[in-house]
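Asker: Sharing a structure here in structure tokens format.
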Amino acid sequence: MSSPIERSSKRSTTVALVLVAGAGATAFALGRCDPSQREEDVLVYRDPDACIRGGLRTENDCRSAYATALAAYPEGAPRYPSRVDCEGHHGAGHCVDGTAVAASAAGSFVPILAGYAVGRLAEQALAPQPLYDHRPDQAGIASSGAGGGGYCTSWGGRVVTGSGGASSSARVSSPAVRPAAFGGFGATGRSFAAHGTAGHGGGG
Amino acid sequence: MRRIALGERPDWRASAQTNGFTFHTLDGAPYWDESHAYAFTLEEVERDIEGPGTELHALCLDFVADAVEDARILASLAIPEAAWDVVRDSWRRGDPTLYGRLDLAYGGDGTGPAKLLEYNADTPTALYEAAVFQWLWLEDLLRLGRLPAGSDQFNAVHERLIARFRAVGGASLALTAYADAPEDRGTVAYIEDCARQAGLATRFLDLGDIGLAADGRFVDRALTPITTLFKLYPWEWAFADAFGAALSATPTRFLEPPWKAVLSNKGLLPHLFAREPGHPNLLPAYFEDDPQKARLGTSFVKKPLFSREGANVLMVCDGAVLAQDHGPYGAGGHVRQALAELPCFDGRHALVGAWIVGDDCVGLCLRESDGPITTNAALFVPHVILPG
């Protein structure tokens, strides 16, 4: 026999909330995101002078893009536990003690800044970014840095230019110059938004 | 199942505010309505909803197992061919499911078995209000003495969600939806709450803040890899999005898993009927391009393969259009299902939602509409199991 006050078995014994209660489920507005892009046209320069000589960007643009890339370099450069590991990726003589670059890089080795990449068009909204020599084949060979034409980005994306790597344009896969593409989910649902009400998105 | 007048708690709006129920009113129109409720007997719940709900879900799993290996079935469901491996692989890996909601026609005069209208297997909402606010309503009315002692509710949704996350959730979970859609955002906030209570590290990301990294992983704006992503965003939309092509190679896992695309699809209905033509909970149903649809005669409901909240549903009774919803989902294939009108109480049409968590039916909720099609304007009305 069950007593009238005995808890039943058809419903939750307790219902407690840790996040939703109180403040409520606050919706927060977020800016629209870049469309996903599969490939990028980039311009690669060894330094601002090469950029200015290229004549595709104004002197101001060349210098400010370089400054952005240079500022990203200390924290953005990949870090390796040993010089051997670093030179294995970037080539002999292309790595320095991290202490010289950033306090947080002490105890590790980082590649030297070999150049920088900018988007060909402002519409790409691609952040100017540091590039490093990509020379796994020259791990044991001291090189001047010329030749090969291979660079990599802070997150390991390959950027291969056509003319020896001094200054060139390149068409590269988007992930090579963007750590990640954003905005690739949601567009299809937005195309149904004309019918939807403010409360309803993809749920039903 | 009866509709009973109970009267509102005078302070329910304050309670809603306190408990994070931010979307009880949407676009100025009421959504939560507790002026009355639906009363069930325990036998009705266990025999007519709980048992059939669990069984229908099991039938659906059997169907998925066959469907993912059968190109004709996947094509009939209008799942794009590029996504077949995504769907198939997720099933073969045994990617777990969290939850779903079976929508049933049940109750009213000459009550017979509940009939499956569709399976919201991928992106069900109404979850928070079913699991939490409905539960609080019952507890309040018991405490106030406005329901007899021993009154109960079929609603273990909250506890079972937390238990399910404990069982299959892993260590961390990212959750995503349109952050600017309050009902969706509220639903995901509640699911995040359950995941957090199950011990998972959680974070919410707007759909636009989901990134795709070079290695195929989905990441957040800080480039932190997403191991598992809960998405209140339908698979058919994700397949069509720019990132759809990345789904086959990504190591990121999803809740609901891609194989739910087989179930969250009105094409499920003719396939289930063909497999179990005598099943008491299944209505006769055919694809619109199947000549056998003529067997349904002049009373039927035509539904797009993909639609939500009653959009683009056409209801025909004795050759006359009984109701029709216009919406954006008209493109693509349709199915035709035998007409099972929702029971009408005091001029209101009631739809029973049976909640599945994991593989069990663990709760129910009701939506009430002016018209015979349950749309996104339908009210959420609580229910009670009255002591026998």
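Asker: How high is the relative contact order of the range B:129-228, given as a whole-number percent (alpha carbon pairs under 8 Å, six or more residues apart)?
Answerer: Values: 109 pairs, mean separation 22.6, N = 100.
Reported relative contact order: 23 percent.
Asker: Could you identify which residue out of B:P304, B:P225, B:P96 has the top mean-square fluctuation in a GNM of chain B using Cα springs shorter than 10 Å?
Answerer: B:P225
Asker: In addition: Can you tell which of B:F230, A:L43, A:I112 lies farthest toward the positive end of the dipole of the protein assembly as shown, using +1 and -1 charges on the Cβ of basic and acidic side chains (Lys, Arg; Asp, Glu)?
Answerer: A:I112
Asker: Exposed loop sites here are GluC sites (Glu not before Pro) in DSSP loop states with at most 13 other C-beta atoms within 10 Å. What is the longest stretch of chain B lacking them?
Answerer: B:70-388
Asker: Please report, in debye to the nearest 20, how large the charge dipole of the protein assembly as shown is about its Cα centre when each Lys and Arg carries +1 at its beta carbon and each Asp and Glu carries -1 there.
Answerer: 780 debye
Asker: Another question about this same structure. Which of the listed residues, B:L339, B:P372, B:L127, is farthest toward the dipole's positive end in the protein assembly as shown, when Lys, Arg count +1 and Asp, Glu count -1 at the beta-carbon?
Answerer: Final value for the positive-end residue is B:L127.
Asker: Among B:G20, B:A201, A:A125, flag the residue with its Cα farthest along the positive direction of the charge dipole of the protein assembly as shown, charges on Cβ as +1 for Lys/Arg and -1 for Asp/Glu.
Answerer: In the protein assembly as shown, that residue is A:A125.
Asker: Using the C-alpha gyration tensor of the protein assembly as shown, what are the square roots of 5 times its eigenvalues, in whole angstrom, with the largest one first?
Answerer: Values: eigenvalues 589, 142, 86 Å².
Listed largest to smallest, the semi-axes of the protein assembly as shown are 54, 27, 21 Å.
Asker: To the nearest 20 Debye, how big is the dipole of chain B about its Cα centre, given +1 on the beta carbon of each Lys and Arg and -1 on that of each Asp and Glu?
Answerer: The calculation lands at about 300 debye.
Asker: Here's something else I'd like to know. Taking only C-alpha pairs under 8 Å that are 6+ residues apart, what is the relative contact order of chain B in percent?
Answerer: Relative contact order for chain B comes out at 25 percent.
Asker: In addition: If I stretch the segment between B:E8 and B:A65 completely, what's the gain in nm (0.36 nm per residue apart, minus their alpha carbon distance), one decimal? Could the numbers behind the result be given before it?
Answerer: Values: separation 57, 0.36 × 57 = 20.52 nm, distance 4.61 nm.
Here the segment from B:E8 to B:A65 would lengthen by 15.9 nm.
Asker: Here's something else I'd like to know. Starting from the Kirkwood Rh over alpha-carbon pairs, what translational D in µm² s⁻¹ does the range B:271-319 have by Stokes-Einstein at 10 °C and 1.306 mPa s? Please report the intermediate quantities before stating the final value.
Answerer: Working: Rh = 12.0 Å.
Diffusion coefficient, whole number: 133 µm²/s.
Asker: With labels modelled as points extended 7 Å from the Cα through the Cβ direction, what inter-label distance (nm, one decimal) is found for B:C344 paired with B:R221?
Answerer: About 5.1 nm, to one decimal.
Asker: Taking only the alpha carbons of the range B:213-282, what extent do you get along each of the three principal axes, in Å, biggest first?
Answerer: Here the spans come out as 53, 19, 18 Å, largest first.
Asker: At 222 nm, what value in deg cm²/dmol follows for chain B if DSSP H runs of at least 4 each add -39500 (n - 2.57) and the sum is divided by all its residues, to the nearest 500?
Answerer: -7000 deg cm²/dmol
Values quoted throughout were computed directly from the atomic coordinates according to the rules given, and no laboratory measurement underlies them. These numbers were taken from a predicted model, which means no experiment stands behind them. Note that each Cβ is placed from the backbone with ideal geometry, even for glycine, and that neighbours are counted across all protein chains shown.
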